[in-house]
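Notes to accompany the following structure.
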Amino acid sequence: MKKDFWLERWDRGEIGFHQDEVNPYLIQYWQELHLAQDSLVFVPLCGKSRDMLWLRKQGHRVLGVELSSIAAQAFFKEDGYVPQHHSKGKFQSCEANGIRILCGDFFDLSKESLENVGAVYDRASLIALPPDMRESYARHLADILPPGTQILLVTVDYPQAEMQGPPFSVTSSEVELLYREFAEVRLLAQLDVLAKNPRFRERGLNRLQESIFLLKLH
Ligand SMILES: C[S@@+](CC[C@H](N)C(=O)[O-])C[C@H]1O[C@@H](n2cnc3c(N)ncnc32)[C@H](O)[C@@H]1O
């Protein structure tokens, strides 16, 4: 998936993936991580997700990475913050209220940028990527995170032939396959959610499930 695809979507305001409410699975399952309050939480492909505000309210510091500077600016503006801007290597960073968003490409992140991360929250990141990129994503994520990092991962699974992604369908067995070399993978829950998502029924889906995983890197 080309970077321009996402940059143009932000440009045109085509951001159906954005949720105005905090993700209910984050609220329900975050406690499974037993994470120290002052830990740094990494949110890959973060968009302008309000989930970052919820994580901050739990006492965590938050580090996001996002291609689109429109998304980063909107995130702070919508919450009334004027962020400080810095530039570091290939990234421009915006920071306010204990939340830093690095504007740039996830695949350009290095170990050094994530050395203090204690946990990861991945909603709609893995499923934003086509199959060939998912393998590189999982490998790169595991490579740049400190050993022992926990990842709360939310994915969707549907018959891929019924709809074109993104979001792409990612099955439980694919998650296991992608991460088993790097992490212990635990499925926390799997729910049928088609009835709650009429827009996906309209796009032709006959089944839609959301799955929540807890991963712990070796
Ligand atoms: C489906 S959206 C999900 C956003 C967010 N996680 C949420 O829950 O609202 C995927 C986001 O990833 C960003 N993105 C895609 N490829 C990226 C990359 N290689 N590096 C950084 N961000 C990327 C897009 O601009 C888009 O905002």
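The values are calculated or read from the model by the stated rules, or taken from the named source; none is laboratory data. Treat the numbers as computed from the prediction; the structure is a model and nothing was measured. Quick reminder, even Gly has a Cβ in these numbers, built from the backbone with ideal geometry, and neighbours come from all protein chains shown. Just the protein is used for accessible areas: all its heavy atoms, side chains included, with ligands, DNA and RNA removed. Shrake-Rupley method; radii C 1.70, N 1.55, O 1.52, S 1.80 Å.
crowded, with 18+ Cβ neighbours inside 10 Å, within 16 Å of the ligand (Cβ to nearest atom) and touching a residue at least 40 places away in the same chain (Cβ under 8 Å): is that true of PHE106 in this structure?
Taking the combined requirement at face value, the residue satisfies it.
Being assigned to a loop (DSSP other than H, G, I, E, B) and open to solvent by 80 Å² or more (accessible area, probe 1.4 Å) is the filter here, so list the residues in segment 151-167 that pass it.
If the condition is that a residue be assigned to a loop (DSSP other than H, G, I, E, B) and open to solvent by 80 Å² or more (accessible area, probe 1.4 Å), then GLN164 is the only one that fits.
Does SER93 qualify as being hydroxyl-bearing (Ser, Thr, Tyr), more than 9 Å from the ligand (Cβ to nearest atom) and open to solvent by 20 Å² or more (accessible area, probe 1.4 Å)?
no
Counting only residues that are over 16 Å from ILE127 (Cβ atoms), of a type outside the set (Lys, Arg) and assigned to a helix (DSSP H, G or I), how many does segment 168-209 have?
2
Pick out, from segment 69-144, the strands (runs of 3 or more DSSP E) lying fully within it that include 1 or more residues that are more than 18 Å from the chain's Cα centre (by Cα).
Because the criterion is at least 1 residues that are more than 18 Å from the chain's Cα centre (by Cα), the strands (runs of 3 or more DSSP E) in segment 69-144 that meet it are 84-88, 91-96.
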